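Novice: Submitted below is the structure of interest, expressed as C-alpha cells.
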Amino acid sequence: MPTDYARQALEILRDGSQFQWYVIPLLALVFYVYVTEVENRRWNLVFAGLAFWGMDWINEIVNSIFFHLNGRAPFWGAPGSTAYLILIGLNIEIMFMFAISGIVWSKMLLPEKGTKILGVPNRWFVALAGSAFCVFIEVLLNAVNALTWDWTWWDANTPWLIFLFGYLTFFVVAFWVHDMRTIKQKTVAVGTIWSIVLLLVLVFGVGLHWI
C-alpha cells in the first residue's frame, strides 16, 4: 500500500485544477535566461544547462518507475502545494528550477579546468559544493513536508545516496558537456540525454502508464 505521502501526491498528480498564474512568469524567466545566453553565444552554458536539466528528468522518471514497481513510495515525493505535479516527485516549480540550474552553477566555473580551489580542481570543487548545497536545501524542504522521504536509506540521516545520485551526477555530466571542445560534441551529448528522456516517457509513460 502507498504511504500517506505517496497517496497525497497521487491525489494531485497531473491535476490541472492545481494551476496557478505564477507559472507563466516562471516560464518567462527560463526563456529569458536561455535567450540571454544564446544572444551572447555562450554555448558552453546553454548546453550545460540542457544537460543538467535532462539528467534531472531521467532521475525523476526513474523515481516514478521505482514507485510503480514497489507500490509503497518513491525515493522522494512532492505532495505539497504546487501549480502542477508532473511526476510523483517532480512539480512544475522544481522543473523550472532545474531548467536553469545548470547554467547558474556553470557560471561559477573558472576559465581553466586545471585551476584549483582549496587544492581541488575547480570543476570538482563546484560539483561537490553544489551537490552538498542542494542536499541541504532538500533537508529544509523535507522539514516542511514539501519534499518527502519514506525510505530509511534515503533521508537526512543517510544523505550520501542523495548527494551521489540525486545531484552529483547532474553536475558531473553538465560540466563534462560544458568543457567539450566542439558544438557538435555538445549537441550529440545533449541530444543523447534528451533522447533517453523521450524514450523513457514513450515506453513507461505513454506505453506502460507506469509514471
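No value in this document is a laboratory result; all are computed from the given coordinates. Since we're looking at a predicted model, the values are computed, not measured. Using ideal geometry, Cβ is built from the backbone for each residue, glycine included, and neighbour counts are taken over all protein chains shown.
Novice: Please list, short to long, the whole-number percent of alpha-carbon pairs of region 39-93 in consecutive 5 angstrom bins beginning at zero.
Specialist: Per 5 Å bin, starting at zero, the Cα-Cα P(r) for region 39-93 comes out as 4, 18, 20, 18, 15, 9, 8, 5, 2, 1 percent.
Novice: Starting with the highest mean, order 191-199, 146-154 by the number of other Cβ atoms within 10 Å, averaged over the residues of each peptide.
Specialist: Final packing ranking: 146-154, 191-199.
Novice: Defining a contact as two alpha carbons under 8 Å apart and six or more residues distant in sequence, what relative contact order in percent does region 95-183 show?
Specialist: 29
Novice: How big is region 1-42 by the Kirkwood estimate over distinct Cα pairs, in Å?
Specialist: This gives a value of 13.2 Å.
Novice: Find, to one decimal place in angstroms, the Kirkwood hydrodynamic radius of the chain, where the mean of 1/r is taken over every pair of different Cα atoms and then inverted. Spell out each step's value before the answer.
Specialist: Numbers: mean 1/r = 0.0555 Å⁻¹.
In the chain this quantity evaluates to 18.0 Å.
Novice: Going by Cα centres, region 7-62 and region 182-211 are how many Å apart?
Specialist: 15
Novice: Then there is this: With unit charges on the beta carbons (Lys and Arg positive, Asp and Glu negative) and the dipole taken about the Cα centre of region 1-155, which residue among Leu13, Ala73, Val104 sits farthest to the positive side?
Specialist: Of the candidates, Val104 comes out farthest on the positive side.
Novice: Along each principal axis of its Cα atoms, how long is region 121-211 end to end? Whole angstroms, biggest number first, please.
Specialist: 44, 43, 19
Novice: Now a separate question. Under a Cβ-only charge scheme (Lys and Arg +1, Asp and Glu -1), can you give me the dipole magnitude of region 82-198 about the Cα centre, in debye to the nearest 20?
Specialist: It comes to approximately 640 debye.
Novice: From the C-alpha coordinates alone, can you work out the Kirkwood hydrodynamic radius of region 86-134, in Å?
Specialist: Computed over region 86-134, the radius equals 12.2 Å.
Novice: Next up: What number in nm² do you get for region 1-119 if you take the convex hull of its Cα atoms and divide its surface by four?
Specialist: The orientation-averaged projected area of the Cα hull of region 1-119 comes to 9.6 nm².
Novice: Let me ask something additional. Angle check, please: helix 23-39 long axis (alpha carbons) against the longest principal axis of the chain (alpha carbons), in degrees 0 to 90, nearest 10.
Specialist: Its long axis makes an angle of about 20 degrees.
Novice: Let me ask something else. Of Val135, Phe171, His209, whose Cα points farthest to the positive end of the dipole of region 66-211 (charges on the beta-carbon: +1 Lys, Arg; -1 Asp, Glu; origin at the Cα centre)?
Specialist: Phe171
Novice: On a straight-distance basis, which lysines could pair with Lys116 in a cross-link, Cα separation under 21 angstrom, same-chain partners fewer than 8 positions away excluded?
Specialist: In chain and number order, the partners are Lys107.
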